[in-house]
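The values are calculated or read from the model by the stated rules, or taken from the named source; none is laboratory data. Quick caveat, the model's predicted, so the values are computed rather than measured. Virtual Cβ from ideal backbone geometry, glycine too; neighbours counted across all protein chains shown.
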Number of protein chains: 4
Amino acid sequence: MTSWKSSYRWVVEWHSPDSGIISVASEILYSGRTKYQEVDIVRNDDYGKMLVLDGKFQSSLSDEFIYHEMLVHPALITQGNPRDVLIVGGGEGATLREVLRYRSVRRAVMVDIDGEVVEICRKYLPEMHQGSFDDPRTTLIIDDGRKFLRETKESFDAVLVDATDPIEGGPSRLLYTVEFYELVRSRLRENGVVATQGTSTFYNASTFARVMNTMRSVFPHVGGYQASIPSYISDWGFVVGSLGRDPASISPEEAEARARELGLSEFKYYEPSHHPYYFWLPPHVRRKVEEEKGVSRDEEPVSVY
Amino acid sequence: MTSWKSSYRWVVEWHSPDSGIISVASEILYSGRTKYQEVDIVRNDDYGKMLVLDGKFQSSLSDEFIYHEMLVHPALITQGNPRDVLIVGGGEGATLREVLRYRSVRRAVMVDIDGEVVEICRKYLPEMHQGSFDDPRTTLIIDDGRKFLRETKESFDAVLVDATDPIEGGPSRLLYTVEFYELVRSRLRENGVVATQGTSTFYNASTFARVMNTMRSVFPHVGGYQASIPSYISDWGFVVGSLGRDPASISPEEAEARARELGLSEFKYYEPSHHPYYFWLPPHVRRKVEEEKGVSRDEEPVSVY
Amino acid sequence: MTSWKSSYRWVVEWHSPDSGIISVASEILYSGRTKYQEVDIVRNDDYGKMLVLDGKFQSSLSDEFIYHEMLVHPALITQGNPRDVLIVGGGEGATLREVLRYRSVRRAVMVDIDGEVVEICRKYLPEMHQGSFDDPRTTLIIDDGRKFLRETKESFDAVLVDATDPIEGGPSRLLYTVEFYELVRSRLRENGVVATQGTSTFYNASTFARVMNTMRSVFPHVGGYQASIPSYISDWGFVVGSLGRDPASISPEEAEARARELGLSEFKYYEPSHHPYYFWLPPHVRRKVEEEKGVSRDEEPVSVY
Amino acid sequence: MTSWKSSYRWVVEWHSPDSGIISVASEILYSGRTKYQEVDIVRNDDYGKMLVLDGKFQSSLSDEFIYHEMLVHPALITQGNPRDVLIVGGGEGATLREVLRYRSVRRAVMVDIDGEVVEICRKYLPEMHQGSFDDPRTTLIIDDGRKFLRETKESFDAVLVDATDPIEGGPSRLLYTVEFYELVRSRLRENGVVATQGTSTFYNASTFARVMNTMRSVFPHVGGYQASIPSYISDWGFVVGSLGRDPASISPEEAEARARELGLSEFKYYEPSHHPYYFWLPPHVRRKVEEEKGVSRDEEPVSVY
């Protein structure tokens, strides 16, 4: 525990001009700027090592498992037998790590726009990637994810969008639009799934609602869910779209059977036996989703503070 | 939305010396000190009006419904027919408000140690109590909750402990001990229930685990659950103890039927149809609960930062 | 001394987006909004009670004497025999207090635009005004200072401009222009003097330089000086303009003789024996003043962050 | 100028639990820990590059000239013909730089305990040392300054103590005691001088007073003075002790003549023509110095927060 008087290096993330979070860095492992963004890797004595991009907390050792398990497993268990998986973004390599846990996976393609971030994470955050970049099933491509999808001839069982928030002027805004999801669908196989983070359901409820709406205009089955991630403060939204099964229709027994077959065990947050209940959204969130009519399009994409 | 340059009144809550939350006050409605604690009522443009006691965020207009619904309903729906309910603490009057929604309730006794806080909330936070203090079923007693329990001849169907965290040196530490729960049990009727907040399951997982453990040593059925409350940052724990039904054994159908009979509708967070699933704790929390062997006793009570 | 864990009410003043000062309020005595500005009176255990206007620290009990002595005495000692003195602004009443120390003063007119601020200071900051508002020589006028000067038939020996910084969009910007100083000059008697605060010589060196330049275009003798005021962080600039003597030409002996005659003693910061040396500006400030060519005009007034 | 939303790396220096300063780092050039202390070199867009030791701002490009000129020149001009100069501390090399400006100096010995800090400054702060470490007159010794003084056979014309504040438990506390100054005196030649920083005259007035008192118990002539250094917030104190001339007795003309002979020109803060007037302390500081009776001894040294 940092002593108070020596707590002087602060990383402050504002969620709006009205509230923010202070994270004291007991150590700064890396601080610099890539072609795309500011990158900091700091140690916080509550959260462990943290990756910070453009001043936004991306993941911390103490709670990244919540984010990464919840991005990956609801989608892949819904799909049931993922062989070829595409990750858009995912710099830390932790989404990749979760994907590689599936015995069925034979190929995991990760396309991240910022090769420098990937290298920095590879060096400073081995606890996150746990060697996943060296797995023979992994292909790492440094490129714009959308461009990759447009140009690739491959098809996938699942596409996992592990991107930064759609900040105005930021590189990720076009990863949450109708046009993007149509592109994703065109590269998905039968029964394919897509999952994306959906920003805060508290601070950005209408953005979350819009992302759900947008995905619903492209995929026959869509499930929204949330999980509380302390370093993100509020409940965090996720959305899964499916060409096959409805994500919420997988029973606990079925999910457990699938997990077993796929060789999965030792979860820290996701649990097959709770699978369908994750898709319960509390009434106040559900109402916002129901009220939201707009979709996010390239010409007018969603954005958050 | 506060303009950045005019954002100068900050309320900063530290969860540890390593992390905290900044809440900008666009207005300070009240700031003072009672016999027991510092009291501030401020307006934050993300959270709405907030009650702050000794620098700890207690409740905000934007998310208090999560806390108060989740403290009250899992317990009272488990009990099934609450007539006489005791609230220990609960200064804002919002727990009282939720209790009074039950058609079956004929008497709601609220015992709060700090009459000044109650008066301040009554004046500045009408949106929270919504006139509950004027309900003919309400009895407000300004006294130490534990002393009241020791001296009262009454018995109750439910006791709801809506107290501040067990801070070292603070007045609430003895509201989380074996001795206290035994006192509560002695005033409960058959099938009676008790519910308490249980601090953060992230920042204070071992305290939450200890509170569960402590309650298990006194009540035959205990259920722990959590809900994400943005102004508290992380998932917040709650614990319900029951002399009758096991809280997690109430099926969605049964909970819905009970809610209907009791005249409840229009929930914002709690939902009868999800009742048993709230008691799912993610593996990482469950493990901490399983590992914890200690109980909280008067001579060595739990405490948090 | 506030204990660290209970230090949660912060007043944060930003001097730019890159640096600011945190002042912990152990008590908030008043917080509200007048017709013109946000007003807070807080207690800080380093600075004592502080007046904060629109988030800017105006004066604190621990160091207000530096500001008020340095605004008043260099000018009035230069004038030598002030009888009628006009204060523009000066809400706390501390400039008034310093003026009333002069045995020669028979009339002190204070014109402040914000009557609410004056009343709040009168109630909460008696240590600052020390009853000056009740002095029979005092006339308090709630009005726009510039309008007052335009309309008054009176003339004065000294005009002391104790206004907030020339913030963009703020009410004080037109109190630092050629037009304003010409208006002041027109109401000054022979040998009359004017003094104004001149913002930070570090953060706003070019503003300070511009104010000096502007005053030089209207008054034959101008002296700039600075004093370090901890609650303002950096050296603070002041400018005195004189129709009679050059401020820096008053020798220590002459200043001491004048002070004696005028009945002054017991200074805490200003000292007659150091009078001419205050007008020494360090080379780095002097160079900025020399380089600055612009003057501040109504149509394009100076401003600070 | 950092944009507000991207201002997330803060360096926060607390002067007490009640007030502190926020400095936003637009870039972190270095962050690490030496054997003795935490070291950060950050860029702030108001102050330029800054050296931070154990969370305390040591010097910034924008205002280090105030500190370093005021530490060196009042003492060396008082001595009048410095040939051999010892610097105790002075990691950045800026005190060394000022010393080497003297045509008379033939040997400048800098003894700093933390060789890593010196190397880091050498690499990241060339604007401060300006190659001084490569000057043939420079001898850099990595050692404890007090130990060096005890063991050296050399004598000096001036000893400049450029050390961190006497923080409890810190390495500099024994550089402000009677025993230390006696050691210094024993290594000084006839007419020798010593100068030291003296902490804040506002926040630590009694420490400043104690240092003056302590030096007076060892040296026949002692002068205290202060200068406002924005990155230190308040007026900063310095103390010079002299075996020859009284520092305040050097007239402006004499100081100017000496500076000319010694080849000095182009000052940014210190100015020979103002030499004696620096030693004016405002009455409120002077009174504290007069009231202070204690001296700082090894067994009970002064300390600051």
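Within segment A:289-305, if we keep just the residues that are surrounded by 18 or more Cβ atoms within 10 Å (Cβ to Cβ) and either touching a Ser or Thr at 6+ places or on another chain (Cβ under 7 Å) or farther than 24 Å from A:Ser172 by Cβ (or both), the residue that is farthest from the other protein chains (Cβ to nearest Cβ) turns out to be A:Val295. Take the conditions (1) more than 19 Å from D:His284 (Cβ to Cβ); (2) away from chain C (no Cβ under 13 Å); D:Phe238 misses just one of them, which is (1). Would you be able to say whether some residue in segment C:212-226 is of a type in the set (A, V, I, L, M, F, W, C), touching a strand residue (DSSP E or B) at 6+ places or on another chain (Cβ under 6 Å) and in a loop (DSSP other than H, G, I, E, B)? Yes, the conditions are met somewhere in segment C:212-226.
In segment A:216-229, the residues that are in contact (Cβ under 8 Å) with a residue 60 or more places away in the chain and assigned by TED's automatic domain parsing to the domain that holds A:Tyr278 reach residues that are among the charged types (D, E, K, R) and surrounded by 22 or more Cβ atoms within 10 Å (Cβ to Cβ) with C-beta atoms within less than 6 angstrom, at least six apart or across chains, in these pairs: A:Ser228/A:Asp235; A:Ser228/B:Asp235; A:Ile229/A:Asp63. In this structure, D:Ser251 qualifies as touching a His at 6+ places or on another chain (Cβ under 9 Å), without any contact (Cβ under 8 Å) to a residue 40 or more places away in the chain and hydroxyl-bearing (Ser, Thr, Tyr). If the condition is being more than 21 Å from the chain's Cα centre (by Cα) and aliphatic (A, V, I, L, M), then segment C:22-66 contributes C:Ile22, C:Val24, C:Ala25, C:Ile28, C:Leu29.
Is it the case that B:Arg103 is over 18 Å from B:Val240 (Cβ atoms) and surrounded by fewer than 20 Cβ atoms within 10 Å (Cβ to Cβ)?
Judged against the criteria, B:Arg103 is a match.
Let me spell it out: the conditions are (1) buried (at least 19 other Cβ atoms within 10 Å of the Cβ); (2) assigned to a strand (DSSP E or B), and D:Thr95 meets all of them except one. Which number is the exception? If we test D:Thr95 against (1) buried (at least 19 other Cβ atoms within 10 Å of the Cβ); (2) assigned to a strand (DSSP E or B), just (2) comes out false.
Kindly establish whether C:Phe202 is assigned to a loop (DSSP other than H, G, I, E, B) and crowded, with 20+ Cβ neighbours inside 10 Å. Yes: the conditions hold for C:Phe202. If you go through segment D:157-171 and keep only what is among the charged types (D, E, K, R) and assigned to a loop (DSSP other than H, G, I, E, B), you end up with D:Asp165, D:Glu168. Residues in segment B:11-30 that are facing another protein chain (nearest Cβ under 7 Å) and aliphatic (A, V, I, L, M): B:Val11, B:Val12, B:Ile21, B:Ile22, B:Val24, B:Ile28. Assess whether C:Leu174 counts as being crowded, with 17+ Cβ neighbours inside 10 Å, of a type in the set (A, V, I, L, M, F, W, C), over 17 Å from the mean Cα position of the chain (by Cα) and part of a helix (DSSP H, G or I). No, not satisfied. Among the residues of segment A:31-87, just one is more than 14 Å from chain D (Cβ to nearest Cβ), closer than 29 Å to D:Ser7 by Cβ, surrounded by fewer than 24 Cβ atoms within 10 Å (Cβ to Cβ) and polar (S, T, N, Q), namely A:Ser62. Here is the figure for segment B:177-199: residues that are of a type in the set (D, E, K, R) and either outside any helix (DSSP H, G or I) or under 19 Å from B:Tyr67 (Cα atoms) (or both) total 2.
Each row is one residue, and each column tells you yes or no for (1) under 18 Å from the mean Cα position of the chain (by Cα); (2) not assigned by TED's automatic domain parsing to the domain that holds D:Glu253.
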| position | (1), (2) |
| --- | --- |
| D:Gly263 | no, no |
| D:Tyr269 | yes, no |
| D:His275 | yes, no |
| D:Phe279 | yes, no |
| D:His284 | no, no |
| D:Arg287 | no, no |
| D:Asp298 | no, yes |
| D:Pro301 | no, yes |
| D:Val304 | yes, yes |
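Is it true that some residue in segment C:7-17 is within 19 Å of C:Tyr305 (Cβ to Cβ), at pLDDT below 90 and of a type in the set (Gly, Ala, Ser)? Yes, segment C:7-17 has at least one match. Checked across segment C:149-156, the condition of being crowded, with 18+ Cβ neighbours inside 10 Å and part of a strand (DSSP E or B) holds for at least one residue.
Could you tell me which residue of segment C:261-275 is farthest from D:Glu271 (Cα to Cα), considering only residues that are part of a helix (DSSP H, G or I) and within 9 Å of chain D (Cβ to nearest Cβ)? Here the answer is C:Ser273. Among the residues making up segment D:126-141, a single one is among the β-branched types (Val, Ile, Thr) and either touching a residue at least 40 places away in the same chain (Cβ under 8 Å) or part of a helix (DSSP H, G or I) (or both): D:Thr138. If you go through segment D:109-125 and keep only what is buried (at least 19 other Cβ atoms within 10 Å of the Cβ) and either free of Cβ contacts under 8 Å to residues at least 12 places away in the same chain or in a strand (DSSP E or B) (or both), you end up with D:Val109, D:Met110, D:Val111, D:Asp112.
Kindly check whether there is at least one residue in segment C:227-248 that is assigned to a helix (DSSP H, G or I), surrounded by fewer than 17 Cβ atoms within 10 Å (Cβ to Cβ) and among the small types (Gly, Ala, Ser).
Within segment C:227-248, not a single residue is assigned to a helix (DSSP H, G or I), surrounded by fewer than 17 Cβ atoms within 10 Å (Cβ to Cβ) and among the small types (Gly, Ala, Ser).
So which residues in segment B:276-303 are part of a helix (DSSP H, G or I) and charged (D, E, K, R)?
Scanning segment B:276-303 gives B:Arg286, B:Arg287, B:Lys288, B:Glu290, B:Glu291.
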